[in-house]
Amino acid sequence: PEAEPAGDAISGYAGDETLGEPEAEPAGEQPAAGPEKRHHARRGSFLVIGDWGYDVKNHYENLNWGECVKAIAQRMDEKFDQLGDVKFVINVGDSFYPSGVASKKDPQWQKKWRDVFSPKLRSVPWFSVYGNHDLHIDPCACTDDLSQCAQINADATNLDFFVMPNYTYYTPFPELDMEIIGMDMNYFMPGWDNKLKISELGFPDCQWTPCKDTCKSRFAQRMGASVDLFFDRVEHSKAKNLLVFSHYPTDYFTGGAPWLLDGFRNKTNHDIFYFGGHRHSTDTWSTCSISPNTNWLVGGGGGYSCDSDDQGFVVGEVHADYSVDTYAVLVDKELCCLPPTTTSTSSTSEAEPMWT
């Protein structure tokens with residue numbers, strides 16, 4: 001479906017001008033690169049997490065209660081101190097299981113985010129996008145008036161909430177020679193089935209919203225605007241690095257949008273780093289490669305289930321020459337995961353995955 005961009009707000013916000021196929025560490029840290037690739041100076045760093053919004057009443061039986069997200073939050077805190085130059089956190093969504101937040105006054109902001117992640121971790125912007133679970137009770141599913149959206153926040157100085165100026169947006173970081181690009185790709189929620197054409201997709205979680213009749217077309221439009229924004233920035237951005245993220249991993253685009261994967265693989269003018277979530281693991285082995293560029297699944301934030309033993313977050317380090325290394329930091333699987341696993345042996349399983 002083709003869609004018009006959602007106005008000027010998509011281009012980001014005024015103000016703050018303030019990222020390879022990686023190697024993973026076992027529980028603990030995984031080295032980003034060998035010593036020959038490391039640099040003595042760094043421009044800055046960032047963290048990436050997703051699917052962390054643990055709810056005590058709504059989680060799968062193989063998740064070790066709230067201990068997993070607490071362990072990940074503690075490890076993030078330690079890494080934040082170790083790096084000393086974290087500029088921002090990228091959050092790929094499903095921040096509030098099971099149904100999202102209803103407003104900025106919703107107590108879940110405090111209980112599930114502020115009380116879990118330290119003030120230190122929240123002292124930098126959390127650039128975010130909506131996941132499917134975030135939208136069940138959020139007014140944003142049923143309105144085009146962004147002022148009604150519970151997670152939309154264009155004020156980069158207001159760190160009491162995520163920074164999300166629009167459902168799709170870009171923000172430049174000149175000091176990192178980088179732009180970040182957030183995309184709303186919830187229309188691809190059925191993309192696990194790679195036999196589906198783009199016209200056969202949709203947003204199944206519309207069934208949980210009060211606007212079932214208009215919801216699907218709204219998310220088709222948002223997907224179209226997100227894709228338009230991505231290709232516009234690929235064409236016009238002068239930044240060396242494009243950090244692109246949505247709620248869905250690359251394998252969800254293999255059937256309905258192989259041309260989008262081609263866009264992610266384009267290294268002509270930029271180094272592209274793509275981050276998705278939805279499946280609850282932190283890895284590169286379960287996704288569709290976008291080589292020579294880099295992509296990660298970062299859904300292993302301890303929010304709903306263990307779809308692999310790899311639970312944690314990703315670190316990006318921007319070196320003096322503006323090159324970027326990314327690597328995973330994982331917690332001990334015993335802190336997070338109980339049997340059984342929920343990961344298929346194939347990332348394109350014929351059966352609908354339970355993590356939806």
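Report yes if residue 287 is of a type in the set (Ser, Thr, Tyr), open to solvent by 10 Å² or more (accessible area, probe 1.4 Å), modelled with pLDDT of 95 or more and under 16 Å from the mean Cα position of the chain (by Cα), otherwise no.
Yes: the conditions hold for residue 287.
Can you tell me which residue among 24, 3, 41 is modelled with pLDDT under 95, open to solvent by less than 40 Å² (accessible area, probe 1.4 Å) and out of contact with any Cys (no Cβ under 9 Å at 6 or more places or on another chain)?
Working: 24 fails: open to solvent by less than 40 Å² (accessible area, probe 1.4 Å); 41 fails: open to solvent by less than 40 Å² (accessible area, probe 1.4 Å).
Answer to the check: 3.
Looking only at segment 192-210, which residues are open to solvent by less than 20 Å² (accessible area, probe 1.4 Å) and either out of contact with any Asp or Glu (no Cβ under 9 Å at 6 or more places or on another chain) or not β-branched (Val, Ile, Thr) (or both)?
The answer is 201, 202, 203, 205, 206.
With the requirement that a residue be open to solvent by less than 30 Å² (accessible area, probe 1.4 Å), within 24 Å of residue 241 (Cα to Cα) and assigned to a loop (DSSP other than H, G, I, E, B), what does segment 44-84 give you?
50
Over 22 Å from residue 43 (Cβ atoms) and open to solvent by 30 Å² or more (accessible area, probe 1.4 Å): is that true of residue 216 in this structure?
Values: over 22 Å from residue 43 (Cβ atoms): yes; open to solvent by 30 Å² or more (accessible area, probe 1.4 Å): yes.
Judged against the criteria, residue 216 is a match.
Given 179, 175, which one is in a strand (DSSP E or B) and charged (D, E, K, R)?
Going through 179, 175 in turn, the sole match is 179.
Restricting to segment 248-281, name every residue that is among the acidic types (Asp, Glu) and buried (at least 22 other Cβ atoms within 10 Å of the Cβ). So that I can check it myself, show each step before the final result.
Within segment 248-281, the first condition is being among the acidic types (Asp, Glu), and the residues that meet it are 251, 262, 271.
Residue satisfying the conditions is 251 alone.
From (1) surrounded by fewer than 17 Cβ atoms within 10 Å (Cβ to Cβ); (2) touching a strand residue (DSSP E or B) at 6+ places or on another chain (Cβ under 9 Å); (3) of a type in the set (D, E, K, R), pick out the condition that doesn't hold for residue 233.
With (1) surrounded by fewer than 17 Cβ atoms within 10 Å (Cβ to Cβ); (2) touching a strand residue (DSSP E or B) at 6+ places or on another chain (Cβ under 9 Å); (3) of a type in the set (D, E, K, R) applied to residue 233, the lone miss is (1).
All but one of (1) more than 26 Å from residue 334 (Cα to Cα); (2) at pLDDT 95 or above hold for residue 47; state the number of the condition that does not hold.
Every listed condition holds for residue 47 apart from (1).
How many residues, within segment 157-166, are assigned to a loop (DSSP other than H, G, I, E, B) and either open to solvent by 50 Å² or more (accessible area, probe 1.4 Å) or in contact with a Pro (Cβ under 6 Å, 6 or more places away or on another chain) (or both)? Break it down stepwise before answering.
First pass over segment 157-166, keeping only residues assigned to a loop (DSSP other than H, G, I, E, B): 157-162, 165-166.
Cutting the leftovers down to either open to solvent by 50 Å² or more (accessible area, probe 1.4 Å) or in contact with a Pro (Cβ under 6 Å, 6 or more places away or on another chain) (or both) gives us 157, 160.
Number satisfying all stated conditions: 2.
Pairs please, first residue from segment 96-118 and of a type in the set (D, E, K, R), second anywhere and open to solvent by less than 70 Å² (accessible area, probe 1.4 Å), Cβ atoms under 7 Å, 6+ apart in sequence or on different chains.
104/150; 104/161; 106/150; 112/53; 112/54; 112/96; 114/122
So which residues in segment 106-151 are assigned to a loop (DSSP other than H, G, I, E, B), open to solvent by 10 Å² or more (accessible area, probe 1.4 Å) and either touching a strand residue (DSSP E or B) at 6+ places or on another chain (Cβ under 7 Å) or among the hydrophobic types (A, V, I, L, M, F, W, C) (or both)? Full working, then the answer.
Step one: list which residues in segment 106-151 are assigned to a loop (DSSP other than H, G, I, E, B), which gives 106-107, 115-120, 124-125, 129-131, 136-138, 143-145, 149-151.
Now restrict to residues that are open to solvent by 10 Å² or more (accessible area, probe 1.4 Å): 106-107, 115-116, 118-120, 124-125, 136-137, 143-145.
116, 124, 125, 137 - these are the residues of segment 106-151 that are assigned to a loop (DSSP other than H, G, I, E, B), open to solvent by 10 Å² or more (accessible area, probe 1.4 Å) and either touching a strand residue (DSSP E or B) at 6+ places or on another chain (Cβ under 7 Å) or among the hydrophobic types (A, V, I, L, M, F, W, C) (or both).
Would you mind stating whether residue 320 is farther than 30 Å from residue 56 by Cα and surrounded by 18 or more Cβ atoms within 10 Å (Cβ to Cβ)?
no
Do we have residue 181 as more than 18 Å from residue 95 (Cα to Cα) and crowded, with 19+ Cβ neighbours inside 10 Å here? Walk me through how you get there before you give the answer.
On the way: more than 18 Å from residue 95 (Cα to Cα): yes; crowded, with 19+ Cβ neighbours inside 10 Å: yes.
Yes; evaluated as a whole, the condition is true for this residue.
The values are calculated or read from the model by the stated rules, or taken from the named source; none is laboratory data. Here the structure is a predicted model, which means the values were calculated and not measured. In this analysis, Cβ positions are derived from the backbone assuming ideal geometry, glycine residues included, and neighbour counts consider all displayed protein chains. The area values use the complete protein model at the heavy-atom level, side chains included, leaving out ligands, DNA and RNA. Shrake-Rupley method; radii C 1.70, N 1.55, O 1.52, S 1.80 Å.
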